[in-house]
Structure formats: C-alpha cells, structure tokens
1. Say a paramagnetic label sat at a point 7 Å from the Cα of Glu115, along Cα to Cβ; which residues of the stretch 141-184 have their backbone N under 17 Å from it?
2. Could you identify which residue out of Pro254, Pro236, Pro223 has the top mean-square fluctuation in a GNM of the chain using Cα springs shorter than 10 Å?
3. May I ask you to compute the full-extension gain from Glu148 to Ser305, defined as 0.36 nm times their residue separation minus their alpha-carbon distance, rounded to one decimal in nm?
4. Computed over the Cα atoms of the stretch 106-159, what is the ratio Rg over Rh, Rh following Kirkwood?
5. How far, in degrees from 0 to 90, does helix 103-117 lean away from the longest principal axis of the Cα atoms of the chain, to the nearest 10?
6. Can you put His286, His111, His165 in order, fewest other beta carbons within 10 Å first?
7. Roughly how tilted is helix 83-95, in degrees to the nearest 10 and between 0 and 90, from the longest Cα axis of the chain?
8. Helix 257-271 against the longest principal axis of the chain: what's the angle in degrees, Cα atoms only, rounded to the nearest 10?
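What follows is calculated from the coordinates using simple rules that are stated; it is not laboratory data. All values reported here derive from a predicted model rather than from experimental measurement. Neighbour counts are summed over all protein chains in view; Cβ atoms, including those assigned to glycine, are modelled from backbone coordinates with ideal geometry.
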Amino acid sequence: MLSRVAENLYWLARYVERAEDTARLISVNSNLLLDMPGKAALSWSTLIDITGSGDVFDTLFEERNERNVVEFLCLSREHDSSILSSLANARENLRTTRDVVPREIWEEINHCYLEISELTQTGMKARNRDEFLKRVTRACQTLTGLIEGTLSHTEARTFLTLGRHLERADMTTRIIDVRSNNLLPRNPEELIPFEHLQWMSVLKSLTAYQMYRRAVRLRVRGPDVLRFLLQDRALPRSVLRSLEEVSWELQALPNHDRPLAVAALVRAEVAEADVQSLARAPDQLHQLIDEFQIGFNNLHEAIASAYFAVSERPVKASQSQEQTTYVDDEDD
C-alpha cells in the first residue's frame, strides 16, 4: 500500500470520529443545560476547553456564548476540527483514495458533507440544532458500520481502525480532564452541586451511560465513572479498550516494533493508574491525563514515522499530496 494512501485513511477515520464526538458533546451539553437550574455554574465555554481550540476561537469571536460556540464547533471553516471542517477533510482524504474502499462508503460521506455544508448558507438555527446533531451522529455511525461490514481485513482497514481508536482515546481523556476538574471535590467536606447529573452527562457524552449502569449497578459516582471510562476493557470507548485495539491492529503491520512498544507503554500507564486515589486529587488526575496526552502524541508520531510520508500532514479540502513512499513492497 502507498504510504500516502495509508496516511489518508488514518486521517479519514480520525476526522469522522472527531465529527461524531463533537456532535455528541454539543447535544449532551444542550440537554444538560436544560436539566440544570438557572443558577448552576455551567457554560458553553467548557466545550471550547475540551476541544483545545481556545486560541482559534478567541481570534474569531469576542464572547463564548451559546450562539458563537455552536457556530464555531459546527460550521466554522476557519476551525479545522469543527464538524463541517472535519467532514470536509474526511471527504477529501477519501476522495483521493476511494479506489481502496467500497463505493458505498464514499457515497455516504459525500452525501453527508454536501447536506451539512448547505447549512453554512443560513447558519445554525436553535430549532434545527438537535436534528442536525443527530444527522451528523447517524452519518458517522453509518460510515463506521459500512467500514466494519464491507471492508476486507487488509491494510486499508487496519489504518482506518488505528485512526479511529487513537482519536477516540484522545477525546475521552479530554472530556474526563475538563469535566472532572469541576466535579471532583478537593477535600472530603466539599459538596459539588448537582454532581449526579453532571457525571451522567459525562457518560452520555461518550454513549456510555447505559453500559455503566449494567456494569457498575450503583448510582453514578465520580470515581466509578473515571474507572469505567479509563480502564473498562469491555466498553468500546474506554481509553484502555481503544489502546488495546490499536495494539492489536499494529501487530498485523510490518515494521511495528516501535509503534507497538509506545502503545504498550501508554496502555500500561492507563491500566495501572490508581483511579480511587486520583478521584480525591483532581490536580494529580489532570497531571496524569496530560501524560496520557503526551503518550498519544508519541504514539501518533511513532505510527507516522513508521508508515507515513515525511510531512505527517492530513489532506485537507484545499490540499493535495504527492508522497509515494511505501509501507511495504506491495501495492494494496
């Protein structure tokens, strides 16, 4: 397989996962704000913190209010990780490599992008937001289902899976980091208002609420949520499960020694974390998640150096690539 094809498929999966996760975040935050009393100290600004896009947002908007945050995360073409930009970049990555995947996958992502891009003409209306977010989530789930159900178990599928699970692990830790900073008490006597509702929103952001109730069978508590989202091996969106999926896929590739070693190191750090202690020390939890994030970056760099061309840059809607380096000696 050509290196540029492998890289495009990897970034295609990351962009699709990013669009779906962003849609879920906005939807859950909207519903949480409706459930919470008006005096509750919640805002739309936390979504900007979770996505790590504060600098870009502040250059485009003066205030972090609902309208600006939703427009920025959904429809901004200046923000590379908005839903619209993510789908545009995913579409472009697939357009240049669509001969290696079934036609239905291309048709779905192309249709989804064209449908959503029409909304940029009129902007995001509050009354249409819920349906828009559901459409994005369904489209991304459909794409994932098409990949799982129609794509042969070749290198193409391997790089799609690598991208999806690395992006998923990254987003899960971002959500945990920002939300837990406000929800975990810093001393035993401290009470967090509406803690139960807010931890439920964390689980729903990752479509994990029902699976949590089946697995834990207790009321929603911060330490249990942290352990479940970080270390549960059965939950598809837990950090540990995602890293295990990455490790399994890497074993099928040649030249996997360094990426597999980095993946094993990060996986061990997650598996061995003392979540009960960290739940009583939010600052230490934040520091540990920073270390996880560094580990994810190191894992990406190891994958890129082993299999991708020199640039390591994903194809965007305005870019093209000319790399011709090979992952191995045979074309896919």
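1. What the label zone holds, given the 17 Å backbone N cut-off, is 141-147.
2. Its mean-square fluctuation being the largest, the pick is Pro254.
3. Details: separation 157, 0.36 × 157 = 56.52 nm, distance 2.65 nm.
Full-extension gain reported as 53.9 nm.
4. Checking Rg against Rh, the ratio lands at 1.11.
5. 50
6. By the 10 Å Cβ count, ascending: His111, His286, His165.
7. It works out to around 20 degrees.
8. In the chain, helix 257-271 runs at an angle near 10 degrees to the longest axis.
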